[in-house]
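The values are calculated or read from the model by the stated rules, or taken from the named source; none is laboratory data. Because the structure is predicted, anything quoted here is derived from the model rather than measured. Backbone-built Cβ (ideal geometry, glycine too); neighbour counts: all protein chains shown. Ligands, DNA and RNA are excluded from the accessible area calculation, which covers all protein heavy atoms including side chains. Shrake-Rupley method; radii C 1.70, N 1.55, O 1.52, S 1.80 Å.
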Amino acid sequence: MAGSINKKTGLIFFPAFDWAISPTHPEREERLLYTRDQIFEEGIMDLPQVVEYTPSLAAIHDIARVHFCVPRVEEQITEAHLIAAGAGILLVDEVISGRIENGFSMIRPPGHHAMRVVHGNRGFCNINNEAIMVDYLRSRHGIKRVAIIDTDAHHGDGTQDIFWHDPDVLFISLHQDGRTIFPGTGFTYELGGPGAFARTVNIPLLPGTTDESLHYILDNLILPVLNDFKPEFIINSAGQDNHYTDPLGSMKITAQGYARLTEKLRPDVAVLEGGYAIETALPHVNMAIILALAGLDYSGVREPDYWPGRFKETPERTKEVRRMVDELLGYWEKRDNYKPDPRNIRGNYYLREKEIFYDTEYFVENQVEKLRLCTDCQGYLAIESSVDSTYGRKGILCISIPFSACPKCREEAINLYLRQKGTGKYRYIYLQDKSEDAFMGYNTNNNEEWYS
Amino acid sequence: MYVGVDVGGTFTDAVLLEKNHVLATAKVPTKGGEELLISILEALDSVLRDVDPARLKRVVFSTTIITNFIASHKYDDVALLLIPGPGLDCNYFNFNAKTHILSGAIDYRGREIITLKEEEIEAVLSELALEGFNKIGVVGKFSPRNTAHEKKVAAIVKGRYPDWHVELGSRIGVQLNFPRRVHTTYLTCATYEPYHKFVDSVRQALVKREICADIYILKADGGTMPLDNSEELPVETIFSGPAASTLGVQALIPPRETAVVVDVGGTTTDLALILSGQPLLSAKGARVENRLTQVRALAVKSVPVGGDSVLKCSGNGIDILPERLGMAYCMGGPVPTPTDALRVLELTRLGDEERAREAMNLLGNVLGMGTEEVAEKVINMVVGKITSEVQNMFLEWEREPAYRVWEILHKHKVRPEMVVGVGGGAAGFISLVAGELGCRSIIPRYASVANAIGAAVAMPTLQINLRADTEQGYYIIQEEGFQGSIKNRRSFNKQNALDLAREWLIKRAQKYGVEVVPAEIEIIRQEAFNMIRGWVTTGKLFDVTIQTPRGIIERIGLGEDTLWLDQ
Ligand SMILES: [Zn+2]
Ligand SMILES: [Zn+2]
């Protein structure tokens, strides 16, 4: 229980007051201004239950462990991204070392729409702060099983993409129905790759969903699944655009609803994602999350126009939520007896084709993902990716060797990299060897090779 | 000619300066209560002797006696009327005072979200009157953004009880931190009378000696304010002791130096940092007793070891207790102390060598260690405690939160170049501390009256915090509690905000009799945010903090005679 053994809640507040996507973009300097006013005025940082940290910068290497940034990491990020990712890493270190009970990384820019391959900004995100924390935990702290609970109103499609084939990472995303909001994905049938079935759980909610349904889902689906999965570390992608005043989302969650969610979930680290009601929601929701993490009374945190019982669930919505919870629990129970669709299998490989839309810069990326089906490990992954007109007609090849790779998979992946360097088929070729923590790239135009 | 007087708990020190020379110094015991005046007079007389009082340009006082008042709780009870509104439960902050919570709330933009209830206020006041309270602190959450609620409550109090002393949080704690604003307001109420008595003693002393120079008081941030104005904000002067000695060191070492000031006293060692010639301010505000305040103060740390700390065996080791039972053993005291260890190792010439050896043997006999061995162990412990705290201070400074990308990118490591010793017990330890930190060590010639020198060279500082909200069309000058309207809401920009703040600073300076050169005004903070609502700019928010320059009037001549390099 938070605070029970006198350990503190670590806070990193990094509002990036000098960083914006563009002057009038929702992701702008002003976003955390009123949150700052509220938490400073409340004296949160002086509470004996709280300790404030200054973020440090993530290393390029920590980003290359997760992402294939095209052409290089340095060209897809700004310093603000390194600070946002570095904040999560710092809190991970502090929780693992036992110096704090839990932490909240109140940072911008956000990250949960950033996928494994990064050609540009998607849904306000360039790199995935949570995924970087997960792979850092595994590489530096020997942690194996991690759960990410994404409570942003938008589907955490980037995080889903990164851990799609990973049976050791449980990804649960609770969001507004993809038929009504960006990025248009996150349906119940999206359940993860052949070796990681039901380790991706999507809970799409109809617009207007209230605290009541949220907590039904927590109590009857998320908490039982977490209890079965037994993660060593829990990360909450704490987006706040489910709030009833958010201009982008259409949900009806309140600050009290968020506080109780945090209290039940007991994440080791919460990471701020979206939330664009910068005056009416963020100051209250951030306060609610901090107090809940620190085990403090949050009952006084309420929006000026809120009263208990203001939002009531409709009977139809209640019924639909119960049905969906049953459906998802059914998948969860069958998680170890899943047979992949034979139409996706070519010999020893499992194929997946994807079309990824980059909303900020308006272009489409096409991907073919090939997973080696292996009985000894989760298999290495080779991704062909191309974006029309960006790097000429040629695509790129990204090869990822998982942490627990068997020698055979690793050897085959390395040979693929070496062979393709000579064919001239791809513009850039990347090898991400998580088992050896070595990440390299190769430019076929000038035969330059580099480590990230 | 300048005079600096530091009225400490044990001694009152004074110095007389002319240009960059120390003409005279004095150290007399501080007498408490009504006799305070006598101590001040003795110190003044001692440095002024044949000096014509008309030649004095200014006299600056610093004092720790207000801090002592607070520590001994010798003041009338204060009642707090708080308007916290929704949010964190106030009970998490122990205000340690009679507290009433009033209905009402203001939000972060200064908008009223819950109104006050007059009948509730009336009822609370009747209760307080029955209980005999007459000192009231009125503090609202977000009151620096809108002072209306606090002012309304104060007006009701004044209407019913014109004699009561009422302080408003918005004038006293202008930063965004409600609990600290409450504590600061509480202390302002509590110290008002004791401070008034102190100021009275000072005034009488000056009248008696026919001194009509400008009189200032040192603040905890190392600036001064005119004595007459200081009664409005007595808390600014608490904790000015460490500021005095740090400024003194600043005056005694070469400019732009990065130094650690180590003031070794009887049972505590106070540490302060001078970074590139400027004393480091604490990021948030001073801690006074157990109260976290908004009082701007130098970053100082107190380590519970000193020359007279009691040494005691415990198990296989030695404990340094945070208490004093008298002088060091070598000077006739009852128990072994670090000073005895210094004497044995010939790091000081104070006291009797034989008694010092005896003191170490008292410990050594129990632990089965030789005389020198014990002495070395003790010294290593003391030096270890001091150096690790110095390192912590630098780390804390580096880790101070930053909220902008460029601030994080420009954080850098700084390490001290010199350790400067002041205070009675400094001599023996300083070179060892410096050795551990890899710096030079210095004990300035006037180390023992560095605090009075610091007071003498301190300069007046004034600050103005301006908040402007063009969407709502108003601005606030927080120190003055003034709320005005912005006429040209559309075109009002960063420069206008700065100019407005400058205008108010100059006005405030005139009121305080402080000269300001507009070109020298320092900008401490300048924030500007565009407010975008639905892709359209609806207004701008500006926060500006400016102040008159920090610094010292003179440096004391840096010849062989003032700087003693401690080998
Ligand atoms: Zn979102
Ligand atoms: Zn394998």
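Observations
- Kirkwood-based Rg to Rh ratio, the range B:383-427, C-alpha trace: 1.13
- Averaged per residue, the range A:13-105 has 25 square angstrom of accessible surface, using a 1.4 angstrom probe with ligands and nucleic acids left out.
- Crossing angle, helix B:426-437 versus chain B [Cα axis fit, 0-90 degrees, rounded to tens]: 70 degrees
- Centre separation in Å (Cα based) which lies between the range A:162-178 and the range A:399-452: 26 Å
- Taking the charge dipole of the protein assembly as shown about its Cα centre, with +1 at Lys and Arg Cβ atoms and -1 at Asp and Glu Cβ atoms, the residue from A:V118, A:A288, A:A277 reaching farthest to the positive side is A:V118.
- Taking the protein assembly as shown as a whole, the Cys residues whose C-beta sits 4.7 Å or farther from every other Cys C-beta are A:C69, A:C125, A:C374, A:C398, A:C409, B:C90, B:C189, B:C212, B:C313, B:C330, B:C439.
- Averaged per residue, the range B:79-187 has 35 square angstrom of accessible surface, using a 1.4 angstrom probe with ligands and nucleic acids left out.
- Take the Cα radius of gyration of the range A:1-90 and divide it by 2.2 N^0.38 Å, N being the number of residues; the result is 1.32.
- Angle in degrees between helix B:494-511 and the longest Cα principal axis of chain B, rounded to the nearest 10: 70 degrees
- Efficiency of FRET from Cβ geometry, B:D77 and B:K31, R₀ 25 Å, rounded to 0.05: 0.35
- For the pair A:K264 and A:T188 in one chain, pulling the backbone fully straight at 0.36 nm per residue adds 25.1 nm over the alpha carbon distance.
- Fraction of accessible area attributable to carbon and sulfur, the protein assembly as shown (%, probe 1.4 Å): 49 percent
- Sites B:I523 and A:V51 - FRET efficiency at Förster radius 41 Å, r taken between beta-carbons, to 0.05: 0.85
- Chain-alone versus full-assembly comparison, the range A:251-286, residues with accessible loss of at least 30 Å² (1.4 Å probe): A:E279
- The distance from the alpha carbon centre of the range B:346-389 to that of the range A:27-60 is 47 Å, rounded to a whole number.
- Å² per residue, accessible surface of the range B:482-527 at 1.4 Å: 66 Å²
- Translational diffusion of the range B:463-547 was estimated from the Stokes-Einstein equation, with Rh taken as the Kirkwood radius over Cα pairs; at 10 °C and 1.306 mPa s the coefficient is 120 µm²/s.
- Rounded to whole Å, the principal axis extents of the Cα atoms in the range A:183-236 read 35, 25, 18, largest first.
- Our helix-only sum for chain A, with -39,500 (n - 2.57) per DSSP H run of n ≥ 4 divided by its residues, gives a mean residue ellipticity at 222 nm of -8500 deg cm²/dmol.
- In plain terms, the bigger the Kirkwood radius, the slower the diffusion; for the range A:219-300, with that radius from Cα pairs, at 37 °C and 0.692 mPa s, Stokes-Einstein puts D at 250 µm²/s.
- In this simple spin-label approximation, B:K413 and A:M440 carry label points 7 Å from Cα along the Cα→Cβ vector, and these lie 3.2 nm apart.
- Of the Cα atoms belonging to the protein assembly as shown, the radius of gyration and Dmax stand at 33.0, 107 Å.
- Distance between the range A:262-324 and the range B:481-518 - C-alpha centres, whole angstrom: 42 Å
- The range B:79-187 - Kirkwood radius from inverse mean 1/r over Cα pairs (Å): 13.6 Å
- Threshold 30 Å², the range B:166-196 residues less accessible with all protein chains present than alone (1.4 Å probe): B:L176, B:N177
- Solvent-accessible area buried by pairing A with B, both sides, nearest 100 square angstrom, 1.4 angstrom probe: 3700 Å²
- Pairs of alpha carbons in the range B:290-441 whose separation is greater than 29 Å (percent): 30 percent
- In the range B:31-184, taking the dipole from charged Cβ atoms about the Cα centre, the farthest positive-side position among B:Y108, B:A154, B:F61 is held by B:Y108.
- Volume per residue for the range A:342-451 equals 123 cubic angstrom (convex hull of Cα atoms).
- Net charge, B:L227 excluded, C-beta distance under 10 Å - Lys, Arg +1, Asp, Glu -1: -2
- Nearest 10 degrees, 0 to 90: helix A:315-333 Cα axis against chain A principal axis: 40 degrees
- For B:R256 and B:K511, the FRET efficiency from 1/(1 + (r/R0)^6), where r spans their Cβ atoms and R0 equals 25 Å, is about 0.15.
- Secondary structure note: in chain A, about 45% of the DSSP beta bridges are antiparallel.
- Directionally averaged projected area (chain A, Cα convex hull): 20.5 nm².
- Chain-alone versus full-assembly comparison, the range B:505-538, residues with accessible loss of at least 20 Å² (1.4 Å probe): B:E527, B:F529, B:N530, B:I532, B:R533, B:W535
- Scaled radius of gyration (Cα, divided by 2.2 N^0.38 Å) that the range B:213-290 gives: 1.17
- Debye-sum result for chain B in log10 I(q)/I(0), which assumes one identical scatterer on each alpha carbon, at q = 0.06, 0.08 Å⁻¹: -0.35, -0.61
- Among the listed pairs B:K141/B:K507; B:K312/B:K377; A:K7/A:K252; B:K27/B:K74; B:K284/B:K507, those beyond 24 Å (Cα-Cα): B:K141/B:K507; A:K7/A:K252; B:K27/B:K74; B:K284/B:K507
- When the P(r) of the range B:10-143 is calculated, the portion above 19 Å amounts to 67% of the C-alpha pairs.
- Inter-label distance for B:S314 and A:R343, nm, one decimal - labels placed 7 Å from Cα along Cα-to-Cβ: 7.5 nm
- Computed over every Cα-Cα pair of the range B:309-382 and binned at 5 Å starting from 0, the pair-distance distribution P(r) comes out as 3, 20, 33, 28, 13, 2, 0 percent.
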